[in-house]
1. Of the residues 122, 148, 155, which single one is touching a Phe, Trp or Tyr at 6+ places or on another chain (Cβ under 7 Å), crowded, with 17+ Cβ neighbours inside 10 Å and either at positive phi or touching a residue at least 12 places away in the same chain (Cβ under 8 Å) (or both)?
2. In segment 180-202, how many residues are assigned to a helix (DSSP H, G or I) and in contact (Cβ under 8 Å) with a residue 12 or more places away in the chain?
3. Can you name the residue in segment 210-251 that is hydroxyl-bearing (Ser, Thr, Tyr) and buried (at least 18 other Cβ atoms within 10 Å of the Cβ) and, of all such residues, is nearest to residue 53 (Cα to Cα)?
4. Can you tell me which of 254, 262 is surrounded by fewer than 13 Cβ atoms within 10 Å (Cβ to Cβ) and of a type in the set (Lys, Arg)?
5. Considering each residue of segment 15-67, count those that are buried (at least 22 other Cβ atoms within 10 Å of the Cβ) and of a type in the set (Phe, Trp, Tyr), and give that number.
6. Go through (1) assigned to a loop (DSSP other than H, G, I, E, B); (2) more than 22 Å from the chain's Cα centre (by Cα) and name the single condition residue 122 misses.
7. Which residues, counting only those in segment 187-207, are modelled with pLDDT of 90 or more, under 17 Å from residue 86 (Cβ atoms) and not aliphatic (A, V, I, L, M)?
8. May I ask you to say which residue of 32, 84 is closer than 22 Å to residue 221 by Cβ and of a type in the set (Asp, Glu)?
Amino acid sequence: MAAARPPKLDVRHVSLEHYNERTQQALAVLDDIDLQLQEGELVSIVGPSGCGKTTFLNAVDGLIAVTGGEIRVDGRLVDRPGPDRAFVFQHDSLFPWRTVVRNITYGLELQGRLAKAEMQERARSLVDLVGLKGFEEHYPHELSGGMRQRVNIARALAVSPEILLLDEPFAALDAQTREFMQFELMKILARAKATALFITHQISEAIFLSNRIVVFSARPARIKDIVAVDLPAVRTLAMKHDPGFVALESRIWRLIEEEAARTGMIAAA
């Protein structure tokens, strides 16, 4: 019998507090988070507003030090940002003076590991991967919002991260573009064989994209539940109307509503 593969991301008993110098008080944000991601998984995190989802993602990226517990990527302790993780923000944050290709090569240039020709080759292959062939020499202002976010994802993938961290990457897009970008992201990550941790406030988006969904409690965030998405691996936008999909959406909403009611964000039923 083959041994189980070690997790790509291993989060063990992670807690985190923010200390306010003015009030001299500590605010608990994360409390005993335990989570493992296997290679190739896309796991989404949902929960009430302000519960600590982005803080957790920042901790996985090494931007914030945890107060307790530990985070490991491929067995290596996370204590700072590193090339094994890449962050995709809500806004595309592209450099307006760089073309599509030169935005994608930016991280590679900072690493300084590849020759210019190799960087160009990798960037152009990623342009094909994210469906932007023909736009290599365009500038960000010449692209739509969805196209700019594709460039943003390609730039993150260019450095060959072990884990892609996505913080509400489609929140700034219009509703129709957001739907299509969900479908495109699934295709991009499948072709890239990427492992991803995804934050969203849109429950249907989490279900559509994910293998599993982690539901955070209200702050301090604990894992309230981990919901397996037992749907066909090949997703279609029409699937969002299937009874199984709708049932999952209702289940997750109930979990979040329980937390919102517990903290007074909404009136208890």
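1. Working: 122 fails: touching a Phe, Trp or Tyr at 6+ places or on another chain (Cβ under 7 Å); 148 fails: touching a Phe, Trp or Tyr at 6+ places or on another chain (Cβ under 7 Å).
Within the list 122, 148, 155, the selection yields 155.
2. Step one: of segment 180-202, the residues assigned to a helix (DSSP H, G or I) are 180-192.
Filter again for in contact (Cβ under 8 Å) with a residue 12 or more places away in the chain, leaving 180-186, 188-189, 191-192.
Total satisfying the criteria: 11.
3. Pass one, segment 210-251, residues hydroxyl-bearing (Ser, Thr, Tyr): 210, 217, 236, 250.
The next check asks that each one be buried (at least 18 other Cβ atoms within 10 Å of the Cβ); those that pass are 210, 217.
Numbers: 210: 16, 217: 10 Å.
This residue is 217.
4. Details: 262 fails: surrounded by fewer than 13 Cβ atoms within 10 Å (Cβ to Cβ).
It is 254.
5. 1
6. Here residue 122 clears every test but (1).
7. Once the filter is applied, which keeps residues that are modelled with pLDDT of 90 or more, under 17 Å from residue 86 (Cβ atoms) and not aliphatic (A, V, I, L, M), segment 187-207 yields 195, 198.
8. On the way: 84 fails: closer than 22 Å to residue 221 by Cβ.
None of the others qualify; the one that does is 32.
The values are calculated or read from the model by the stated rules, or taken from the named source; none is laboratory data. Source: prediction; values computed, not measured. Glycine also receives a Cβ, built like all others from the backbone with ideal geometry; neighbour counts cover every protein chain displayed.
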